[in-house]
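Taken together, the values in this text are just the output of simple stated rules run on the coordinates, not laboratory data. Small disclaimer: the values here were computed from a predicted structure and weren't measured. Every residue, glycine as well, gets a Cβ built from its backbone with ideal geometry; the counts of neighbours run over all protein chains shown.
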Amino acid sequence: MSTEPEPTEDAENAEPGTPGAAGQSGEGATAADGDGESAAQLSEAEAELAAQRLERERIERRKAEKAGPVESGAKLSGKAADLLAAVRAVESGAKPVATVFSESAPRRPAPEPVRQPQPTPATAAAAPAAPAAETVDAVRRVLSDGGAPDALAPQVAAALGEGAQD
């Protein structure tokens, strides 16, 4: 089955031997002599053959269009056109244009910004003060009531801070 549209009346009525012509003398004459069902089958076959001929013509036209010379690089500009010209020059044996392969001067590294010394707070450097003895005793009582070891009292009091007593 073809994706092309069905042949037009011009293609069906064309002269014998042209690509759009259906076989008038062979299958067409037989179809006219037979009954309606065989005529319908033959006309479908003729239509399919005509569609195949049209498809072959279209394929041949496309092949002929592709057979022409290729215009490579016709729409290039700027650096791409320069590179193509250099490649063609090398392929033909000529010396390429020097501007294509010349590199720009290397960039000098940017100076590193001067870092200002940041003052460190003295209070942050000092270790946190140990919790008060009363706080540790209060935490120890709570831990012993809960069944936890008494040795954890100073660490828990430090983690909870002065509010641990409450």
Mind listing the phi-derived Karplus ³J(HN,Hα) values for segment 43-59, rounded to whole Hz, using 6.51, -1.76 and 1.60 with θ = phi - 60°, and x for any glycine or proline? 5, 5, 5, 4, 5, 5, 4, 5, 5, 5, 4, 4, 5, 4, 4, 4, 5
Residues ARG140, ARG58 in order from fewest to most other beta-carbon atoms within 10 Å are ARG58, ARG140
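What is the sum of charges, Lys and Arg at +1 and Asp and Glu at -1, for the other residues whose Cβ falls under 15 Å from the Cβ of ALA153?
-3
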